[in-house]
Structures are given as C-alpha cells and as structure tokens.
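The structure appears right after this line, and notes come after that.
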Amino acid sequence: MMKDFSEKIEKQLYFKGFRLPDIRSILRIQIQICGIAIVAALCTVWFSVWPITFAIGAVIATYSFFSVAKFIQQIILREYDRSMLWGMLFRFYGRLLIVGVVVAALIVKAHVPMMALVSGLATSMVTMLIWMISRQNERKTKEA
C-alpha cells in the first residue's frame, strides 16, 4: 500500500513538472513525512498543542523544500544566464521573508511551542538523511 502511495506521489510530481528522478524522490519523502506529521497531529490534538505545532513546521518546511526543488530543477535543465541569478535571489529572500513572518507570528502572536515548530522545520534534514541512506543502499544493491 505504501509503495502504491509513493508511486502516486511521484506521478503527481512528474505531472507538476518535476522531471528529475532524484528531485521527485526527495520531494516524495518530504511529502510523506509531512503527511505523517499531519495525521499524527490530528490524532493527538487533544493531548497538547505540540503535535499541531510540529505539523505546522513540517508544512512550512515542505513548502520551502518544494520551492527550492522547483528552482534547482530549472537551473539544472536550462542554460545559466544573469537573470537566473536575480530570480534565485528574489525567490530565496522572498521565501525567507514569508517563512520568517509566519514563524514570528506563530511564536509571538499564537504563543506556539518554539521547539515543536523548529522540530517540524527540521523535517527537511530528516528527508535528506533518508534520501542519502536509500540512495546508498540502492548503489550497494546494484553492485551486488
């Protein structure tokens, strides 16, 4: 069942324009982690605010990851020119500003647990770790 779900996610990402398999794989892992965080948060919402705050951090991380992955793919598949640099800088700082405002508002106005939010944002590091381990295992399997 999980494999079918993974394939559906990969197909959707392909239709959204993600042509590079490694980028689709990384995004798939991030989306799955975010989905697990959301489901866990919804199942445990009556215990505390921590799970919901973690899920919000995971959603923010997934949004950022998605934007960065889309831009990286554009850089890889196109020829470099100066306008790309300006686009990259504008998108990076624009996304950073949006994420910063949302995180600050959540912490200052909503008084969410900061560690839960940061832990949710750190799901992108977990995604990269899982992707690197799975890629290493694929190489070992091909060599054997």
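Quick notes on this structure:
- Residue within segment 48-63 that is modelled with pLDDT under 90 and not aliphatic (A, V, I, L, M) present: yes
- Test: MET125 is exposed (fewer than 14 other Cβ atoms within 10 Å of the Cβ) and of a type in the set (A, V, I, L, M, F, W, C): yes
Listed here are the residues, each with its yes/no results for (1) among the polar types (S, T, N, Q); (2) touching a Pro at 6+ places or on another chain (Cβ under 9 Å); (3) within 21 Å of LEU106 (Cβ to Cβ); (4) surrounded by 14 or more Cβ atoms within 10 Å (Cβ to Cβ).
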| residue | (1), (2), (3), (4) |
| --- | --- |
| PHE5 | no, no, no, no |
| GLU10 | no, yes, no, yes |
| ILE33 | no, no, yes, yes |
| ALA37 | no, yes, yes, yes |
| TRP46 | no, no, yes, no |
| ALA58 | no, no, yes, yes |
| PHE65 | no, no, yes, yes |
| ARG82 | no, no, no, no |
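- Checking each residue in segment 116-130 for being assigned to a helix (DSSP H, G or I) and either touching a residue at least 60 places away in the same chain (Cβ under 8 Å) or farther than 21 Å from ILE31 by Cα (or both) picks out ALA116, LEU117, VAL118, SER119, GLY120, LEU121, THR123, SER124, VAL126, THR127, MET128, ILE130.
- Condition check for ALA110: part of a loop (DSSP other than H, G, I, E, B), out of contact with any strand residue (DSSP E or B) (no Cβ under 9 Å at 6 or more places or on another chain) and free of Cβ contacts under 8 Å to residues at least 60 places away in the same chain: yes
Residues are listed down the side, and each one gets a yes or a no for (1) under 16 Å from the mean Cα position of the chain (by Cα); (2) surrounded by 20 or more Cβ atoms within 10 Å (Cβ to Cβ); (3) closer than 30 Å to LYS11 by Cβ; (4) of a type in the set (Ser, Thr, Tyr):
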position: ARG28; (1), (2), (3), (4): yes, yes, yes, no
position: CYS43; (1), (2), (3), (4): no, no, yes, no
position: PRO51; (1), (2), (3), (4): no, yes, yes, no
position: ALA61; (1), (2), (3), (4): yes, yes, yes, no
position: ILE72; (1), (2), (3), (4): yes, no, yes, no
position: ILE76; (1), (2), (3), (4): no, no, yes, no
position: TRP86; (1), (2), (3), (4): no, no, no, no
position: ALA105; (1), (2), (3), (4): no, no, no, no
position: LYS109; (1), (2), (3), (4): no, no, no, no
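- Single unsatisfied condition, GLY57 versus (1) free of Cβ contacts under 8 Å to residues at least 12 places away in the same chain; (2) within 21 Å of LEU27 (Cβ to Cβ): (1)
- Selection from segment 106-116 of residues that are aliphatic (A, V, I, L, M) and within 13 Å of THR53 (Cβ to Cβ): LEU106, ILE107, ALA110, VAL112, MET114, MET115, ALA116
- Selection count, segment 1-30, where residues are of a type outside the set (D, E, K, R) and either touching a strand residue (DSSP E or B) at 6+ places or on another chain (Cβ under 6 Å) or free of Cβ contacts under 8 Å to residues at least 40 places away in the same chain (or both): 10
- Test: residue in segment 131-143 that is under 21 Å from GLY17 (Cα atoms), touching a residue at least 60 places away in the same chain (Cβ under 8 Å), out of contact with any Gly (no Cβ under 7 Å at 6 or more places or on another chain) and not acidic (Asp, Glu): yes
The values are calculated or read from the model by the stated rules, or taken from the named source; none is laboratory data. The structure presented is a predicted model; accordingly, all values stated were derived computationally and were not measured. Neighbour counts are summed over all protein chains in view; Cβ atoms, including those assigned to glycine, are modelled from backbone coordinates with ideal geometry.
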